[in-house]
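The values are calculated or read from the model by the stated rules, or taken from the named source; none is laboratory data. Because the structure is predicted, anything quoted here is derived from the model rather than measured. Please note: Cβ atoms are built from the backbone with ideal geometry, for glycine as well, and neighbour counts cover all protein chains shown. These accessible areas exclude ligands, DNA and RNA; they are computed on the full protein's heavy atoms, side chains included. Shrake-Rupley method; radii C 1.70, N 1.55, O 1.52, S 1.80 Å.
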Amino acid sequence: MTDTALLLVDIQNDYFEDGRWPLARMDQASTKAAKILDHARRQGLMVVHIHHEIPSAEAPFFRPGSKGAEIHPSVAPEAGEEVILKHRPNSFVDTRLQDLLSSRGIVRVIIIGAMSQMCIDATARAAKDLGYDVTVVHDACAARDITFGGDTVPAAQVHAAFMGGLSGTYATLTDCDTLVAAA
């Protein structure tokens, strides 16, 4: 039994090119996520799939019960793996995630998924605040362009800014190949 869990956050159909809210480099991030998921399964890590639904039929994406809100086939859950539904960016808020991790003696979490500037950031910061040792695999995460004050910031810069903000204080950052090679 291991004390580490892999958290796959919001790797859902709507974030892919043909979805309602596509992210830059989501295909590449999901390829890395699938490699990490395979590694976690082989290492016997606890695997938790987290998916987001926005509780409104008018939501721009992740509408309840929609194909877009489903977990992407590249990282489909297997029997025995936990699946948690959330309605907010922080994967711990109003979910059973904290209880689940505590009940399994988890002290370390590896976080991958989307969006870097929302759910990855919120979940990583919350995990650290709850006392977990947090690793974020930066190339298994994806972002989206953002606009503020009339300026559009490209997804690559958004991703870099949020990963930089997490690095050190909230999480250890690594890439897929380094993580997989370390075990």
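Look through Asp99, Asp94, Asp177 and report the one residue that is farther than 16 Å from Leu8 by Cβ, open to solvent by 70 Å² or more (accessible area, probe 1.4 Å), part of a loop (DSSP other than H, G, I, E, B) and at pLDDT 95 or above. Don't jump to the end; show me each part of the working.
Working: Asp99 fails: part of a loop (DSSP other than H, G, I, E, B); Asp177 fails: part of a loop (DSSP other than H, G, I, E, B).
Result of the check over Asp99, Asp94, Asp177: Asp94.
Regarding Lys35, is this residue touching a residue at least 12 places away in the same chain (Cβ under 8 Å), closer than 21 Å to Ser116 by Cα and open to solvent by less than 20 Å² (accessible area, probe 1.4 Å)? No, not satisfied. Of all the listed residues (Leu45, Leu97), the sole one being in contact (Cβ under 8 Å) with a residue 40 or more places away in the chain and under 19 Å from Asp129 (Cβ atoms) is Leu97.
Asp14 falls short on exactly one of the conditions (1) crowded, with 23+ Cβ neighbours inside 10 Å; (2) touching a residue at least 60 places away in the same chain (Cβ under 8 Å); (3) charged (D, E, K, R), and that condition is (2). Identify the residue in the stretch 146-174 that is open to solvent by 70 Å² or more (accessible area, probe 1.4 Å) and assigned to a strand (DSSP E or B) and, among all such residues, is nearest to Thr4 (Cα to Cα). Result: Thr172. Only residues that are in contact (Cβ under 8 Å) with a residue 12 or more places away in the chain, surrounded by fewer than 18 Cβ atoms within 10 Å (Cβ to Cβ) and part of a helix (DSSP H, G or I) were counted across the stretch 58-91, and they come to 2. Of the residues making up the stretch 18-53, those that are assigned to a helix (DSSP H, G or I), within 14 Å of Glu82 (Cα to Cα) and within 16 Å of the chain's Cα centre (by Cα) are Leu37, Ala40.
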